[in-house]
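Some notes on the structure that comes next.
Read-outs throughout are calculated quantities, based only on the coordinates presented, and are distinct from any laboratory measurement. Values in this document were obtained by computation on a predicted structure and should not be read as measured data. Note that each Cβ is placed from the backbone with ideal geometry, even for glycine, and that neighbours are counted across all protein chains shown.
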Amino acid sequence: IELWTTKEAYLKAVGCGLTDATAPPPAGDPERWTFRLFAPTPCYRVALAVRAEPGPPWTITIRGDATPVDA
């Protein structure tokens, strides 16, 4: 479920739907992508996929009790 959730986050980030799950990823720099997996409760997983653009560094703040999951 954690792999699927992360893949779904990536597909949404690049603008593809779940029906495009077998489509090749768009061209780009793979090292620019960052993925984070969180467990807001023991039964749920939330994934975040972010592509960093050149420029100043940025931060992401997660509010609540979402515990990071070590992958």
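Brief remarks on what is shown
- Here the extension length gained between L18 and V50 equals 9.8 nm, from 0.36 nm per residue of separation less the Cα-Cα distance.
- Other residues within the sphere of radius under 14 Å centred on the Cβ of E31, judged by their own Cβ, net out at 0 (K and R +1, D and E -1).
- Sum of side-chain charges, A9 neighbourhood, beta-carbon under 12 Å (Lys, Arg +1; Asp, Glu -1): +3
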